[in-house]
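Have a look at the structure below, then the notes.
The values are calculated or read from the model by the stated rules, or taken from the named source; none is laboratory data. Fair warning: this is a prediction, and the values are worked out from it, not measured in the lab. All Cβ positions, even for glycine, are placed from backbone atoms using ideal geometry, and neighbour counts span all protein chains on display. Heavy atoms of the whole protein, side chains included, go into the accessibility calculation; ligands, DNA and RNA do not. Shrake-Rupley method; radii C 1.70, N 1.55, O 1.52, S 1.80 Å.
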Amino acid sequence: MRVMVIGATGVLGVPAVARLLEAGHEVSGLARTADRVTAVEATGAKPVVGDLFDAASLATALRGHDAVVNLATRIPGPREMTRKAAWAPNDRVRLQGSASLAAAVRRVDELRTVVQEGISFVYADGGDHELDEDAPVRPRGVTASSVRAHANVAELEASGRTVIRLRIANLVGGDAVMPPMVLGARKDWATAIHPLDAAAGAVASLEAPSGVYNVGATPVTKEQLGQALADAAGVRKARVVPKWLASRLSLAEPMARSQRVVSRKLAEATGWRCELPVPGPEWFGTR
């Protein structure tokens, strides 16, 4: 399969390109400017210059491909995450980028499969209940753009294309740096995933039917995840922001929910499984 990866140099893009190449696919990576060609080449993908925010430019880049995997994000660093303005570039990537992608794909007849990233933080608080893809969602603040991005590309199903919308769990480990902090009640549930496993899930989804798919490791309590983060940081325990306080902050509230997200649908459709199913020391070492 001839696959274009958007966001090829990112936390998910780099391992996704590697997985695709290992599987024997022809892989291209979108380079937003000529200055980014070298960075895309370093991933092993063939650079193709194109602008995610320009449908005509993007359509030109997509020609000759069977599938596109959009993993592009602009997540702010840990020190910037509490500033609403810091999330604006990420919202633009998801909102305008997905709309541009949908418009571009409509111009490329041979491109039949679209994979769009998204996040599992959109789910409403589920308490102790497992959350599959049919569970209620409650987008708020910076999570709302993920739902809109999925809606933008979902319209492509009407043209007979396969459209995969991923709800990826909290990225932890590897190049996804997180402070040792717990948002919400210790006994509530959290779902995280190592970037390598998330990338593998995105690649596996190319073989799935159209639909929404969760991509997460085994859910654990927030206390367990916090302790894994604390151990990796070399501190005794994680800092806790109480649920009542986090719930008053629009940026923090979605992350303070109890979200016991399960990914059986993707596993059953493709055979994908997490190689690192539970947060622990191996998530933070070199693999």
How do the helices (runs of 4 or more DSSP H) wholly within the stretch 207-287 filter down when requiring 3 or more residues that are small (Gly, Ala, Ser): which remain? 222-233
For Gln96, only one of the following conditions fails: (1) open to solvent by 60 Å² or more (accessible area, probe 1.4 Å); (2) in contact with a Phe, Trp or Tyr (Cβ under 8 Å, 6 or more places away or on another chain); (3) not in a helix (DSSP H, G or I). What is its number? (3)
Being closer than 25 Å to Ala72 by Cα, crowded, with 21+ Cβ neighbours inside 10 Å and of a type in the set (A, V, I, L, M, F, W, C) is true for just one of Ala217, Ala267. Which residue is that? Ala217
Is one or more of the residues making up the stretch 100-120 open to solvent by less than 30 Å² (accessible area, probe 1.4 Å), farther than 18 Å from Val212 by Cα and at pLDDT below 90? no
Where residues in the stretch 173-201 are part of a strand (DSSP E or B) and under 13 Å from Ala228 (Cα atoms), which of them is most open to solvent (accessible area, probe 1.4 Å)? Met181
Within the stretch 249-287, take every residue that is modelled with pLDDT of 90 or more and of a type in the set (Val, Ile, Thr) and give me the one that is nearest to Pro180 (Cα to Cα). Val278
Would you call Ala246 hydrophobic (A, V, I, L, M, F, W, C) and surrounded by fewer than 17 Cβ atoms within 10 Å (Cβ to Cβ)? no
Which condition number does Val27 fail, the rest of (1) open to solvent by less than 70 Å² (accessible area, probe 1.4 Å); (2) at pLDDT below 95 being met? (2)
Of the candidates Asp51, Asp35, the one satisfying the condition of being farther than 23 Å from Val215 by Cβ, in a loop (DSSP other than H, G, I, E, B) and either open to solvent by 20 Å² or more (accessible area, probe 1.4 Å) or out of contact with any strand residue (DSSP E or B) (no Cβ under 7 Å at 6 or more places or on another chain) (or both) is Asp51
For residues that are of a type in the set (Lys, Arg) and farther than 21 Å from Ala204 by Cα, scanning just the stretch 132-166, find the one that is least open to solvent (accessible area, probe 1.4 Å). Arg140
